[in-house]
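First the structure, in the form of structure tokens, and then the observations on it.
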Amino acid sequence: RIAALKSAVDKGDFAAVADEYNAFVLFNSGAYALTKKDAKAASVAATKEIFAAIDSKNKDALKTAYTNFMKVADISTTPVDVATGQGYSNDYDWKVRTP
């Protein structure tokens, strides 16, 4: 859901980004193990930058903050190739015994 906000950020649609506040909160609370406190702190700080830009209605700051968040959170929008990407399960994926 966060990666899908790219077009809204580009358009400066503050409401669309603000509506996904919970997605940012859930990502920040669940994407990092307890041992990655520095990464979590950086992600939370980047999230605060995004919502500060929304509060100030600054489109350029929103774009910059969103780009920074995507980099800090290591979220990629590149689609995974089905033939080489991870399957459903090691033993039950259709690629397991395919030459």
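Assorted remarks:
- Debye-sum result for segment 9-86 in log10 I(q)/I(0), which assumes one identical scatterer on each alpha carbon, at q = 0.12, 0.13, 0.22, 0.25 Å⁻¹: -0.38, -0.44, -1.00, -1.16
- D_trans [Stokes-Einstein, Kirkwood Rh over alpha-carbon pairs] for segment 24-65, 25 °C, 0.890 mPa s, µm² s⁻¹: 226 µm²/s
Each reported figure results from applying straightforward, stated rules to the coordinates on display, with no laboratory input. Since this is a predicted model, take the numbers as computed values, not measurements.
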